[in-house]
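The values are calculated or read from the model by the stated rules, or taken from the named source; none is laboratory data. In this text, all values refer to a predicted model and were calculated from it rather than measured experimentally. Reconstructed Cβ throughout: ideal geometry from the backbone, glycine too, with neighbour counts over all protein chains shown.
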Amino acid sequence: MARRDDNRRGRDDQDNEFIDRLVHINRVAKTVKGGRNMSFAALVIVGDEKGRVGFGKGKAREVPEAIRKATEEAKKTMIRVPLREGRTLHHDVKGRHGAGKIMMRAAPPGTGVIAGGPMRAVLECLGIQDVVAKSIGTSNPYNMVRATFDGLKRMESPRTVASKRGKKVADIVERRADGASAPEALEA
């Protein structure tokens, strides 16, 4: 019996390391012979604020059940994104899904997360502290989240680019104006 409780406690600790954000709830009505069947669709973002993030959709007759299903799916579909200094992106990136287009730019310390709606939820769950982002085209939350994930999947760290090209990180990254070399700051 104690072993089962220990397993449950471990699972709760694992759940506590993730934060989740409810982005959108949609009420859906299906017209049937006897009237209308109401159900709810939920869009949830889950992240650990250390470079991992995922999203999920869930549909159910009740809102809490839809949120639970979406959260489970989000945990299964998490991706890892390399961050510079643990706070911003390595380079500017564009993402696209359907009519949803987004643009994200790295920002200096103290800028904060300048992004709207669903994009802000994804970036905050990811753990980004300084970024400037803009959505172009649709305001549909599903397409905005997918476009953001498309852009994040294109993110590469200087270390991975250097290894693909067979070069050193110092050859890839240019030196900054303040005298410190960028590769030393990127060795995280």
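Quick check on my filter: what residues within the range 78-92 are under 14 Å from the mean Cα position of the chain (by Cα) and surrounded by 19 or more Cβ atoms within 10 Å (Cβ to Cβ)?
Once the filter is applied, which keeps residues that are under 14 Å from the mean Cα position of the chain (by Cα) and surrounded by 19 or more Cβ atoms within 10 Å (Cβ to Cβ), the range 78-92 yields V81, L83, T88, L89.
Determine the pairs where a residue that is touching a residue at least 12 places away in the same chain (Cβ under 8 Å), located within the range 147-169, has a partner that is assigned to a helix (DSSP H, G or I) and among the β-branched types (V, I, T) with Cβ atoms under 8 Å apart, the partner being 6 or more residues away or on another chain.
Correct list of pairs: T148/V122; F149/V122; L152/V122; P158/V169; P158/I172; R159/V169.
Quick one: count up the residues across the range 49-77 that are over 10 Å from the mean Cα position of the chain (by Cα), not in a strand (DSSP E or B) and not aliphatic (A, V, I, L, M).
Adding up the residues that qualify gives 13.
Working only within the range 143-173, note down all residues that are touching a Pro at 6+ places or on another chain (Cβ under 8 Å) and within 23 Å of V44 (Cβ to Cβ).
M144, V145, T148, M155
Restricting the range 106-141 to residues that are of a type in the set (G, A, S) and in a strand (DSSP E or B), which is surrounded by the fewest Cβ atoms within 10 Å (Cβ to Cβ)?
The first filter runs over the range 106-141 and keeps only residues of a type in the set (G, A, S), leaving 106-107, 110, 112, 115-117, 121, 127, 133, 135, 137, 139.
Still in the list and also in a strand (DSSP E or B): 106, 133, 135, 137.
On the way: A106: 18, A133: 23, S135: 22, G137: 15.
For the range 106-141, the residue satisfying everything is G137.
Could you go through the range 146-168 and let me know if any residue there is surrounded by 15 or more Cβ atoms within 10 Å (Cβ to Cβ), at pLDDT below 85 and in contact with a strand residue (DSSP E or B) (Cβ under 7 Å, 6 or more places away or on another chain).
No.
Being free of Cβ contacts under 8 Å to residues at least 60 places away in the same chain and either at positive phi or not in a helix (DSSP H, G or I) (or both) is true for just one of M103, M144. Which residue is that? Write out each step before concluding.
Numbers: M144 fails: either at positive phi or not in a helix (DSSP H, G or I) (or both).
Only one candidate qualifies: M103.
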